[in-house]
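Below is one structure; the comments refer to it alone.
Values in this text are rule-based calculations from the coordinates and carry no lab data. Keep in mind the model is a prediction, meaning the values are calculated, not measured. Using ideal geometry, Cβ is built from the backbone for each residue, glycine included, and neighbour counts are taken over all protein chains shown.
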Amino acid sequence: MDQRIAFIGFGEAGSAIVSGWKDVPDIRVFDIKTDDEAQRPAMLSRYQEFGVAGRMSAAEAVQDADMVFCTVTADQAAIAAGGCAPYLKPGALWLDLNSCAPSTKKSAAETVEAAGARYVDVAVMAPVYPKRNMAPLLIAGPHAETVKPLLDALPMAPRIVEGPVGSASSIKMIRSIMMKGMEALTAECVLAAVRAGVDDEVLSSLQASNPDFDWRARSAYNFERSLAHGIRRAAEMREVVKTVADLGFSPDMASATVEWQARMGALGLGPDVREDDDYRDIAGKVLNRLDTAD
């Protein structure tokens, strides 16, 4: 692989992708956490752990890079594109893997393209673990055909979606109404059922209505997802709100999902739960933390 690669943002997504590659040398990385003196030692240690060359600025990371993977949070995606664009070499590929509204990606694309680089709309369509670099990707925009064989060679698992920048992110964002919304519904329904002491009856009724869906196991899984990743999911869902509003109608469900995801993520219970825990145990911890917070 003779492409010089950089990452802007090196959280779960970036590190998962890198950890799956075997023969990709000289990966340069910048994460904004290195700007914080308190978080810098942990980030520098993380760079070393994953065998990447950490840089102390975005400009230093992206200069001379042929491909830049932007894996920040949804609310930072456009900011990252704007901050890096002046330092991208002509023709560099900027791959925006962030969960953003199509209009946000179109704005970022204009910035990147105006600087002489090439923007690619990328949607990550499954959790990065356990598949890591082989998590399914949708790619869109005028440079999708160019970048696909490069991603295949790394390897990664891209599929081209026909259409302009925003076509891949539209699929991701609209799908999230259901996927992240189910997590929010789980929180409200199951917490209410446990508090009322009727959870066994409620979940048994749901099981009878939908026998192919393990409601107890899925409730535990959905709890764990929101508790571990609720803050990031809330940022993504704010972009979903924008997506739906841009389509011309009220994003009521997406807006409510923002509130539940943010609330769950803010509890700080992520390290204390696992997806294979009993849903009642998780619900008990959540209710206790919510009561304490009140």
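Mind listing whichever residues of the stretch 11-57 are in contact (Cβ under 8 Å) with a residue 12 or more places away in the chain and polar (S, T, N, Q)?
Scanning the stretch 11-57 gives 15, 19, 34, 57.
Being small (Gly, Ala, Ser) and under 27 Å from residue 243 (Cβ atoms) narrows it down to one of 193, 184, so name that one. Reasoning before the result, please.
On the way: 193 fails: under 27 Å from residue 243 (Cβ atoms).
Among 193, 184, only 184 is small (Gly, Ala, Ser) and under 27 Å from residue 243 (Cβ atoms).
Looking at the stretch 211-294, what helices (runs of 4 or more DSSP H) fall wholly within it and have at least 2 residues that are among the hydrophobic types (A, V, I, L, M, F, W, C) and within 23 Å of the chain's Cα centre (by Cα)? Break it down stepwise before answering.
Working: elements: 215-246, 252-265, 279-293.
Because the criterion is at least 2 residues that are among the hydrophobic types (A, V, I, L, M, F, W, C) and within 23 Å of the chain's Cα centre (by Cα), the helices (runs of 4 or more DSSP H) in the stretch 211-294 that meet it are 215-246, 252-265.
Return the residue satisfying two criteria in turn: it lies in the stretch 118-154 and is hydroxyl-bearing (Ser, Thr, Tyr) and more than 20 Å from residue 179 (Cβ to Cβ), and of such residues it is surrounded by the fewest Cβ atoms within 10 Å (Cβ to Cβ).
If we filter the stretch 118-154 for residues that are hydroxyl-bearing (Ser, Thr, Tyr), which is where we start, we get 119, 129, 146.
Within this subset, residues satisfying the condition of being more than 20 Å from residue 179 (Cβ to Cβ) are 119, 146.
Numbers: 119: 27, 146: 13.
My answer is 146.
Please go through the stretch 33-64 and give me each residue that is aliphatic (A, V, I, L, M) and either over 15 Å from residue 83 (Cα atoms) or surrounded by fewer than 19 Cβ atoms within 10 Å (Cβ to Cβ) (or both), ordered by number.
In the first step, residues of the stretch 33-64 are kept if they are aliphatic (A, V, I, L, M); the result is 38, 42-44, 52-53, 56, 58-59, 61-62.
38, 42, 43, 44, 52, 53, 56, 59, listed by residue number.
Could you identify the single residue in 107, 57 that is hydroxyl-bearing (Ser, Thr, Tyr) and in contact with a strand residue (DSSP E or B) (Cβ under 7 Å, 6 or more places away or on another chain)? Explain how you work it out, then say what you get.
Values: 107 fails: in contact with a strand residue (DSSP E or B) (Cβ under 7 Å, 6 or more places away or on another chain).
57 is the lone residue from the list that is hydroxyl-bearing (Ser, Thr, Tyr) and in contact with a strand residue (DSSP E or B) (Cβ under 7 Å, 6 or more places away or on another chain).
Given the condition touching a residue at least 60 places away in the same chain (Cβ under 8 Å) and closer than 30 Å to residue 78 by Cα, answer yes or no: does some residue in the stretch 184-191 qualify? Please lay out each step first, then the result.
At the first step, the residues of the stretch 184-191 found to be touching a residue at least 60 places away in the same chain (Cβ under 8 Å) are 184, 187-188, 190-191.
Still in the list and also closer than 30 Å to residue 78 by Cα: 184.
Yes, there is a match, as at least one residue in the stretch 184-191 is touching a residue at least 60 places away in the same chain (Cβ under 8 Å) and closer than 30 Å to residue 78 by Cα.
Take the residues in the stretch 175-210 that are polar (S, T, N, Q) and closer than 25 Å to residue 271 by Cβ; name whichever of them is farthest from the chain's Cα centre (by Cα).
Just the residues of the stretch 175-210 that are polar (S, T, N, Q), to begin with: 176, 186, 204-205, 207, 209-210.
Of the ones still in play, those that are also closer than 25 Å to residue 271 by Cβ are 176, 186.
Details: 176: 11, 186: 20 Å.
Filtering first and then ranking leaves 186.
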